[in-house]
Structures are given as C-alpha cells and as structure tokens.
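These notes concern the structure reproduced below.
The values are calculated or read from the model by the stated rules, or taken from the named source; none is laboratory data. Please read these numbers as outputs of a predicted model, since none were measured by experiment. Here the Cβ is made from the backbone with ideal geometry for all residues, glycine too, and neighbour counts use every protein chain on show. Only protein heavy atoms, including side chains, enter the accessible area calculation; ligands, DNA and RNA are left aside. Shrake-Rupley method; radii C 1.70, N 1.55, O 1.52, S 1.80 Å.
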Amino acid sequence: MIANHLKLDLIRNIFIEWNGKKADFIQKLPQTASYREYYRISFNGNTVIGVFNEDLKENEAFISFSNTFQGLDLNVPKVLRTDLENSVYLLSDLGDKTLYSIIHSKKHNYNSSPELITLYKNALEHLQRFQIVADKKIDYNYCYPRAKFDRQSILWDLNYFKYDFLKLGKIGFDEQLLENEFQKFSEFVASVNTDYFLYRDFQSRNIMVKDDEIYFIDYQGGRKGALQYDVASLLYDAKAEIPNILREELLNHYLDKLESNYGLSRAEFMKSYYAFVLIRIMQAMGAYGFRGLFEKKVHLIKSILPARKNLKYLLENGKLDFDIPHLHQVFENIIISDEFNIYEDRVLPNNKLSITITSFSYKREIPIDLADNGGGYIFDCRGLNNPGRLLEFKLLNGRSKKVIKFLKENSDADDFMSNTYPLVDSTIETYLKRGFKNLMINFGCTGGQHRSVYCADEMFKYLKNKYDINVFLSHIEQGIKEEVIR
C-alpha cells in the first residue's frame, strides 16, 4: 500500500516528464466504483487526468486497447504518457459529464428529453464499432483476467451473485439446486458465438459527453465475447431506469443497424439476448453486494432497488423463458424481500434540510448514510443502564412506557440526551446557514431495542418541534419509521 503523498509525487513526476514544467494545481477526484485513483492536473488553463493503479495487467490492457481504439478513430481518452513501473499514466481530460449525470439532471424524464434518446442511439451505434470493427485489431493477449467471456467467466459472475449479493442480502436459496442451475445456464450462455469484442462494462456512467460528442471509458475488462452482453449492460443499467417501451425502441435500433451495416441476423441475436440480460443483472447485483453493501459505495447500494424492478419486469413478462425454476424462486425472494427497502430514494416536495435519525444495533453495523456524505453523528448508548438485562423488559422496546420509566429513573438517559442536543443544534445551525441539505444522527446500543430507540425518539421529538426542516426517523431493528416533511 503506497501512502497518498507518494502517489501524488508519482503523478507530479509523470506530468513534469510529459509537460516539462510543474502543474499549477492537482486535484484528486472522488473515488469511483473501482480501485483506480484519478487526479485532475491543471496547467496553463488546460487540464489532463493522472491515473494511479497498482494493477499492472489491468493497466496494460487499458493502454493497449486505448491505442487500438485511437487508431480506429473511436472516441476514447488519449494516452499521453505511461510509467507502468510506477503504476501511473496520463490521459486526456474528457470532463465530468456522463450520460448518467445528464439522465439524473433530467430527473429520468426520457419523454421530455429527446436528446437522451439520441445519445443512447448514438452510443449503440458506436458500440457496434467496438464490437465488430475493433475486434479485428485488438491484441487479446492483453485481456485481463481472461481473454474470452467463456463458461469459466460466466460461472465466476454467477458465484459473485450468489456469495456477494444473495448471502450479504440475506436471500434464501438451496445451494445444490442453485449450483445445478448455474451449471446448466452457463453451458447454454457459453454456447453463443463469442467472436466479437465484449466491452464488459458498457453503461451510462462510462459514457462521457464533451462538446456534444460521446466518449467511452473503463473498457480495461474487455475480452472476446457475445454481442448481446454489452447491449444488455446498457439497456438494463439499473440506475438509468430506462422505461421498458424505450428499451424496446433502443434494442430495435441496435438490431436494425446490426442487420443493415453488418449483415448479422436479428433472429439469431434474440435467441439468447435475455439470457445475457439475466447474466448481466446477476453480475451487477454481485457488485452491488460487494462494492455496495460490504464496501458501502452508496451509488451501488441505491442500484439494488431499480435492479430488482428490472428482475420483476423480466419475470412478469415472460422474458426469462429458461428451465431454471430454482433461480426463478430466488428472484422472487429478492423481489419480496424487505431487506433493501431502507435504500429507497426519497422524493421531497421541498428543498429544506433533511435530518435522518436512526436507532441501530452494534451487533449488525452502523447505518449507511444514503445521502453519500460519509455519515454523521453516532451516539453510543451502551453506557446507559440496560433494561434489556431484566426479564420483564426483554420483549418490550424503548417506546414502552415501562421501559421509558426505567430509563428515566434507573439510568442517565435524559442527562445523556441533554448533552447531545447542543452538539446537534450547532451543526444544524451551521448547515442552515450554508445551505447543506442532509445530516444523519445515529443512536446505537447492543440490540437496537431499548436505549437507542428511546434516545432516537427523544431527538426526533426535539428536532421536529424546534426547526422548520424535514425529519426522518428509522428504528432499524424494530422496523418502525416516522417522518415529518414540512
């Protein structure tokens, strides 16, 4: 593990080697879903991007593919300089605007945003050039971790789904039945023609828009593969939430171009298309589990519910016409699970400060800040006398009159809360002045049942009576929610 200041030194050095002079300013960009680190380097009114990544094989794949794509006039970042011995390289700067950021700015309103549909159709036409034209020029020896999306790759993705989404998400399944169907399903998917370039992560966050042109990034995982996979990746990109009617229109646009420009069969493509849609959704859900639920990447956590919605649509509309009955049952378990409902986005009628208050159990984990601000206050209530140790209170929670009486008379709960109010007040006053929109306040105890529930309730009452703000209360272990929206 290289220290941050040493990484910055490496970025400075490669820039000086390329430019001949020091940079005016270097800004580290927010971490993405990958482990690569990006730096925007400013000089003489211009910018370039510095990249630090310790995965040598991934770097070699990215640079080899980039040079090939550049030679074919495909819109990708230009590689300006490399120093792979020190894990750094420089790229042209494509800015910050992605297809997804445009979708988000339009509030996912595709009906009133024809430019979004144009961008998607343009992206699908470019995709065919990657898949079919670039395929003839790529050096597949650089592919990492595998040169082809074969049965082994498919099984890796299916197991990623099983171990990193189903298990982390507490979704029930029969290990042997699931394994049997993974073997059968992977055999079918692996039988499809893989004589094309598979981009691997062709989705709206990896499509940049600059000067009304679209550009493409994050293709270092590319390999030989089937045409269907990347189309599925784009059209079933969970957070893009493309309406189903528009999905069909975009799919037909891709197929029309596939027939007219490359003479490939529409019918042959469709024979296995929804199998690849399913593979892609399961692979993505594995990422939502590991990078989201485990590593706490909020934008990946927030992808779970729209991905679940996609699964529901596929099941209800007969798109998954494969002999995989236990997988169908697993998908039904995902759809009806309450485990992910806490990650639902709020749609508010105002732009006021929103406070989220939770009670939680330290036996599980500290709640995730879905506003993506990294968290807020965490008050540890375990120092208070615990009513849960007494048999008469074991089946009650912190809202019970008996428990409240115990906490007031046999614990220092009210003194504890009187110390929290000034801390929270000072932050709220500052947030109101500076126009911040979200703050999280968490109260934890051993089981999330007595002390933390009482304290969270007291904070909820205090704030809703004092401030003209939105206040949301969630007792995680008790499954209780309240809210005040002004």
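Loop-located GluC sites (Glu not before Pro) in the range 1-79 (DSSP state not H, G, I, E or B) with no more than 15 neighbouring Cβ atoms inside 10 Å: GLU54. Remark: spin-label model distance LYS309-GLN176 equals 3.9 nm, labels positioned 7 Å along the Cα→Cβ axis. Per residue, the range 190-326 exposes an accessible area of 36 Å² to a 1.4 Å probe, with every protein chain left in place. Contact order, relative form, for the chain: 12 percent (alpha carbon pairs under 8 Å, 6 or more residues apart, mean separation divided by residue count).
Label-to-label distance for ARG389 and ILE2 is 5.2 nm, based on points extended 7 Å past Cα in the beta-carbon direction. For the range 127-239, relative contact order (Cα pairs under 8 Å, six or more residues apart, normalised by length) works out to 35 percent. Isolated cysteines of the chain, defined as having no other cysteine beta carbon under 4.7 Å away, are CYS143, CYS455.
Under 1.5 on a/c is rounded, so check that first for the range 130-230, then, if it is not, pick prolate when a/b is larger than b/c and oblate when it is not; a ≥ b ≥ c are the square roots of the alpha carbon gyration tensor eigenvalues. In terms of gyration-tensor shape, oblate. Per-residue surface analysis assigns LEU305 an accessible area of about 40 Å², computed on protein heavy atoms at 1.4 Å probe radius. For the range 22-94, chymotrypsin sites (Phe, Trp or Tyr not before Pro) are listed when DSSP marks them as loop and at most 14 other Cβ atoms sit within 10 Å of their Cβ; the list is TYR35. Our coupling estimate for the range 470-483, obtained by passing each phi through the Karplus curve with A = 6.51, B = -1.76, C = 1.60 and θ = phi - 60°, is 8, 10, 10, 10, 9, 8, 4, 6, 8, x, 10, 9, 9, 8 Hz, Gly and Pro reported as x.
Given Cα pairs under 8 Å that are at least 6 residues apart, what percent is the relative contact order of the range 202-319? With pairs under 8 Å counted, the relative contact order is 26 percent.
The amide H of PHE379, built 1.01 Å from its N in the peptide plane, has ASN442, PHE443, GLY444 as neighbours under 5 Å, considering only residues 5 or more places off or on other chains. Descending by average beta-carbon neighbour count within 10 Å, the peptides 99-110, 445-456 line up as 445-456, 99-110, the highest first. Rounded to the nearest 20, the Cβ-based charge dipole of the chain about its Cα centre (Lys and Arg +1, Asp and Glu -1) stands at 1000 debye. Given the options TYR362, LEU463, ILE102, identify the residue whose Cα lies farthest towards the positive end of the charge dipole of the chain (+1 on Cβ of Lys, Arg; -1 on Cβ of Asp, Glu). Result: LEU463, furthest along the dipole toward the positive end.
Computed over protein heavy atoms with a 1.4 Å probe, the carbon and sulfur contribution to the accessible area of the chain reaches 48%. Annotation: amide H-H contacts under 5 Å for PHE149 (H modelled 1.01 Å from N, sequence separation of 5 or more, or interchain): LYS224, GLY225. May I ask which residue of GLN176, ILE324, PHE472 lies farthest towards the positive end of the charge dipole of the chain, with charges of +1 (Lys, Arg) and -1 (Asp, Glu) on Cβ and the Cα centre as origin? The residue sitting most towards the positive pole is PHE472.
Protein-only accessible surface at a 1.4 angstrom probe places the residues ILE117, ILE301 in the order ILE117, ILE301, largest first. Helix check for the chain. Which DSSP H runs span at least 27 Å along their own axis by Cα, with a mean Kyte-Doolittle hydropathy no less than -1.0? TM-like helix candidates: 266-287, 413-434.
Candidate values (i) -0.17; (ii) -0.24; (iii) -0.21 were compared with log10 I(q)/I(0) by the Debye sum over Cα atoms at q = 0.05 Å⁻¹ computed on the shown model; the agreeing label is (ii). From most to least packed by mean Cβ count within 10 Å, the peptides 365-377, 422-434 give 365-377, 422-434.
Peptides 278-291, 153-166, 126-139 ranked from most to least packed, by the mean per-residue count of other Cβ atoms within 10 Å: 278-291, 153-166, 126-139.
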